[in-house]
Amino acid sequence: MPTGRTAAALTLLLVAVAYFHGFFNYGFEWGDVGSYAQVVYELSRGGTPGDYVGYGLLWYGLGLAGVAVAGPGYGTILLTLYGVILGVAFLFFFGTWLATGRVWAAFLVALLFVLVPPFPASAVRSLAFGINLLAFLWLARAPLGRDGQALVLAAIAVGVTFMLRPDFGYFFTLCLGLLMAVRSACTSGTMAARLADFLRSALLAAAVIAVTVAPLFLIAWSGGYLTTILDDYLSYPRRILFFILQSPSLANMVGGKPASDAGFLKILPVSALFAGPFGERVFAFLIYSTMLGLALFAVHALWGWVRRPGDVRRNLLTLTVLMLAGSQWPIFAFFRPAWIHFATFMHGYLVLAAVAAAGLLGVLGFGGPARSAGERGRGSLAKALAAAGLFVLAAQAVLFVVHGVQVPGVGALAQREGRDVAMSAGHGVDVMVSAAEKRQYETIDALIRAHSRPEDRIVCVPYCPGYAFMAERRMLFKEHYVDDNTPNLYPGWIDRAIALTEAERPPVILVQDWAPNQTEASRFAVWAAPYMAFVRSRYPGVVPFPGGMAYLAERVDEPSRVVQVQAYGPQATPAGVPFNRQPDGASALWMSVPGLSGSAQVRFDGTPLASAVAGDVISALIPVDRIAAPGRHWLEVVDPASSLRTEPVPFDVTGP
């Protein structure tokens, strides 16, 4: 390996390790990371993929390997996930080097990937992309007619992807098919000869993919869950088409009103570029400027085939980069247009941006491939456009980092902000959290342990498997995440959930008061009303917990003593304006009530909030969606341990 590339790779390694060490164990992620940890835990105890709905078995196999090496525990899960992220950084490094031939471009792309890494549990997306990036670029660089080994490698990458994330396997299969078709079209000979070449390549690729995934299906057959695996894999085309065809994102982009956006998170409209909080404007700029970048790069790729039809290798590299970067856009835009998914798309876009930047620098006379006399004599207009393009690419990269490090869940700064208290729980949960978060998690942990036994299966909806993991319990539903699209993807889910709950009688059912799609219809208590009616009729114990309500198989006495709130603040806030902002974006308020115990909670319009008690003062976190619109709300404190509750006091969200 050349010295410059070696030095860049070693520098990247040192920077990444030091950077991740500064925040990897800050915060407890009870959603995606909790789900991954819970599935690995279930599998380590003899469970099968039929016990959960998630990603490919190979992805969880990495977690099992980590457990085998370092022992079970949340810390092992975090180290495994960040180890994957570190490895993917080098896949991006070498992939960008293959695409551009420039060490500086490879280092910058990998560094940006490290500075704004994927959400830990979403590292599987980046891993799949990185593997295919290397393999596809290797195929694109292979000479026509002598690409057998490169094609086998690309097909193996797709097969591995199917075992990591089946939906990505389908996306990359389409990319591989297109790349093979274009390569065959570029070969010499008659149309029949080119078609025969494509069919040979397609058959070889299909055979290699089948052989690659065969061990997974053999393991499933021997374990008795082959039918479950096949049903899951074959369901993905239908599920992918559902999101593409039903998503309201295209209408939302232009500010239109789709027939229904229930079940979908809304993408920021173009108008967000000019109005709204600064963070939203930055995010909107990144969304729409990268869409424009993809479109312009597509025009550039097409123009390359028109202007330089004989430069097949260069044209194939450009096409491959465009395909791979573009393959990540639908997953963000149609499936879930949140920052976590955008970041994964942006990582692929950065490779495209590096290729574009290298070409634009060549226009300005800084390096680049050898050019004709006409190309070297470009006019001032071309150079001005190249400089403008470089400025936009640089702005995208800078804003991606500046905004990305501040996004809760993935940003290094956001991860550490306000989290200065150590917390320990079951299954090796040893993390740094805020005082309010510690109280929240310890309250939930104590609630679960007090009303269930080790190894009991519990329900936690719509998405909180991490609570079961830290309390050393098991999950009843194999679908760890559910929302108002679940009945569409899995018809009859509510009826099956009722039947399973009635048959198994889990001792604890946790229901979060959370709208995952930022609509009232996406709250579990709304879209799953029949299930909630069943639970309320069969579970006599009802206890609030921070962020939701627990339904218990045993009865629990309600507080009976009513007292007055001595003081509280703030008593009002403008709509959409956070106050006493916390690391997760929520706002904090306080209430003074004498005689509180540590189990006291603030209720907002009857909904429990994440609360922490210090003496006679209780503080609570109000989610940002609760102060989005003007209106009067009511606050009260409920303390089961002290058998007291307060008279409700008003909290006003004022208009502009």
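Which cysteines does the chain leave without a neighbouring Cys Cβ under 4.7 Å?
Cys175, Cys186
P(r) tail for the stretch 18-65, what percent of Cα pairs lie past 14 Å? List each step's numbers first, then the result.
On the way: 618 of 1128 pairs.
Result: 55 percent of Cα pairs exceed 14 Å.
Placing +1 at every Lys and Arg Cβ and -1 at every Asp and Glu Cβ, with all other atoms neutral, what dipole size does the chain have around its Cα centre, in debye to the nearest 20? Show your work: numbers first, answer last.
Values: 46 positive and 41 negative charges, 525 e Å.
Here the size comes out at about 2520 debye.
In Å and on Cα atoms, what radius of gyration and Dmax does the stretch 155-198 show?
13.0, 39
On the first, second and third principal axes, largest extent first, how far apart are the outermost C-alpha atoms of the stretch 1-150 in Å?
Here the Cα extents, ordered largest to smallest, are 48, 40, 24 Å.
Using the basic label-point model (7 angstrom from Cα toward the beta carbon), what is the Val542 to Ala503 distance in nanometres?
Between Val542 and Ala503, the label points sit 2.8 nm apart.
Based on the alpha carbon coordinates of the chain, what radius of gyration and maximum Cα-Cα distance (Dmax) apply, in Å?
Here Rg and the maximum Cα pair distance are 26.8, 90 Å.
Normalized C-alpha radius of gyration of the stretch 564-627, against 2.2 N^0.38 Å?
On the way: Rg = 11.5 Å, N = 64, 2.2 N^0.38 = 10.7 Å.
Here the answer is 1.08, to two decimals.
For labels at Glu647 and Gln566 in the simple 7 Å Cα→Cβ model, what's the distance in nm?
Reported label-point gap for Glu647 and Gln566 is 1.7 nm.
Looking at the chain, send over the antiparallel percent of its DSSP beta bridges, to the nearest 5. Please report the intermediate quantities before stating the final value.
Values: 43 of 56 bridges.
The antiparallel proportion sits near 75 percent.
For the chain, what is the calculated [θ] at 222 nm in deg cm²/dmol (nearest 500), taking -39500 (n - 2.57) for each run of four or more DSSP H residues and dividing by its residue count? Walk me through the numbers before you get to the answer.
Values: 23 runs with 359 residues, N = 656.
Using -39500 (n - 2.57) per qualifying helix, the result is -18000 deg cm²/dmol.
Mind checking which of Phe524, Ala110, Phe534 is farthest towards the positive end of the chain's charge dipole, using Cβ charges of +1 (Lys, Arg) and -1 (Asp, Glu) about the Cα centre?
Of the candidates, Ala110 comes out farthest on the positive side.
If I stretch the segment between Tyr19 and Tyr490 completely, what's the gain in nm (0.36 nm per residue apart, minus their alpha carbon distance), one decimal?
Values: separation 471, 0.36 × 471 = 169.56 nm, distance 4.09 nm.
Once the chain is fully extended between Tyr19 and Tyr490, it gains 165.5 nm.
For the chain, what does the accessible surface come to per residue with a 1.4 Å probe? Please give it in Å².
Numbers: 27160 Å² over 656 residues.
Value for the chain: 41 Å² per residue.
Could you list which residues have their amide H under 5 Å from that of Glu479, counting only those 5 or more apart in sequence or on another chain, with H placed in the peptide plane?
Answer set, sorted by chain and number: Val53.
Between Ser592 and Val270, what is the FRET efficiency for a Förster distance of 35 Å, r being their Cβ-Cβ separation, to the nearest 0.05? Walk me through the intermediate numbers first.
Numbers: r = 46 Å, r/R0 = 1.32.
Plugging the Cβ-Cβ distance into 1/(1 + (r/R0)^6) gives 0.15.
With unit charges on the beta carbon (Lys/Arg positive, Asp/Glu negative), name the residue among Leu385, Pro487, Ile458 whose Cα is farthest towards the positive pole of the charge dipole of the stretch 347-489.
Value: Leu385.
In 10 Å bins starting at zero, report the fraction of Cα pairs in the stretch 455-566 per bin as a rounded %.
Pair shares across the bins are 13, 46, 30, 9, 2, 0.
Can you tell me how much longer the chain between Ser380 and Ser424 gets when fully stretched, taken as 0.36 nm per residue apart minus their C-alpha distance, in nm with one decimal? Kindly include the intermediate steps, with their values, before the conclusion.
Working: separation 44, 0.36 × 44 = 15.84 nm, distance 6.28 nm.
Between Ser380 and Ser424, full extension yields an extra 9.6 nm.
Working from Cα positions, state the angle (0 to 90°, nearest 10) between the long axis of helix 529-538 and the longest principal axis of the chain.
The two axes meet at around 40 degrees.
For the stretch 533-656, take N as its residue count and report Rg(C-alpha) divided by 2.2 N^0.38 Å.
Details: Rg = 14.9 Å, N = 124, 2.2 N^0.38 = 13.7 Å.
The reported ratio for this selection is 1.08.
If r is the Cβ-Cβ distance from Trp104 to Arg416 and R0 is 25 Å, what FRET efficiency results, to the nearest 0.05?
Values: r = 30 Å, r/R0 = 1.19.
It comes out at approximately 0.25.
Checking a compactness column here: for the stretch 278-371, what do you get for Rg(Cα) / (2.2 N^0.38 Å), N being the number of residues?
Compactness ratio reported: 1.19.
Per the Debye formula with a single identical scatterer at each Cα and no solvent contribution, what log10 I(q)/I(0) holds for the stretch 292-451 at q = 0.14, 0.17 Å⁻¹?
-0.83, -1.06
How high is the FRET efficiency between Leu195 and Ala575 when r is their beta carbon distance and R₀ equals 51 Å, given to the nearest 0.05?
On the way: r = 62 Å, r/R0 = 1.22.
With R0 = 51 Å, the Cβ-Cβ based efficiency is 0.25.
Quick check on the stretch 605-656: take the gyration tensor over C-alpha atoms, sort the square-rooted eigenvalues as a ≥ b ≥ c, and tell me if it's rounded (a/c under 1.5), prolate or oblate. Show your work: numbers first, answer last.
Working: a/c = 2.51, a/b = 1.91, b/c = 1.31.
Because a/c hits 1.5 or more and a/b exceeds b/c, the stretch 605-656 counts as prolate.
Tell me, what % of the accessible area of the chain is carbon and sulfur with a 1.4 angstrom probe? Please list the in-between numbers first.
Values: 17550 of 27160 Å².
The C+S portion of the solvent-accessible surface of the chain is 65 percent.
Per residue of the stretch 321-328, in order, report the coupling 6.51 cos²θ - 1.76 cosθ + 1.60 (Karplus, θ = phi - 60°) as ³J(HN,Hα) in whole Hz, putting x for Gly and Pro.
Computed from phi, the couplings for the stretch 321-328 are 4, 4, 4, 5, 5, x, 5, 8 Hz.
Specify whether the C-alpha gyration tensor of the stretch 394-496 places it in the rounded, prolate or oblate class, a ≥ b ≥ c being the square roots of the eigenvalues: rounded for a/c under 1.5, otherwise prolate if a/b is larger than b/c and oblate if not. Mind showing how you got there, number by number?
Numbers: a/c = 3.32, a/b = 1.28, b/c = 2.59.
In terms of gyration-tensor shape, oblate.
Taking the simple approach of a point 7 Å from Cα along Cα-to-Cβ for both Asp231 and Asp625, what is their distance in nm?
3.0
Per q in 0.08, 0.17, 0.20 Å⁻¹, report the Debye log10 I(q)/I(0) for the stretch 60-219, using one uniform scatterer on each alpha carbon and no solvent.
Each listed q maps to, in turn, -0.28, -1.05, -1.25.
Taking every alpha carbon pair in the stretch 146-222, what does the distance histogram look like in 5 angstrom bins from 0, in percent?
Percent of Cα pairs in each bin: 3, 17, 24, 22, 15, 9, 6, 3, 1, 0.
Please say if the stretch 163-306 is rounded, prolate or oblate, where rounded means a/c under 1.5 for a ≥ b ≥ c the square roots of the C-alpha gyration tensor eigenvalues, and otherwise the choice is prolate for a/b larger than b/c and oblate otherwise?
Working: a/c = 2.88, a/b = 1.32, b/c = 2.18.
It comes out oblate by the Cα gyration axes.
The values are calculated or read from the model by the stated rules, or taken from the named source; none is laboratory data. Keep in mind that this is a model prediction, so the values were computed, not measured. Using ideal geometry, Cβ is built from the backbone for each residue, glycine included, and neighbour counts are taken over all protein chains shown. Only protein heavy atoms, including side chains, enter the accessible area calculation; ligands, DNA and RNA are left aside. Shrake-Rupley method; radii C 1.70, N 1.55, O 1.52, S 1.80 Å.
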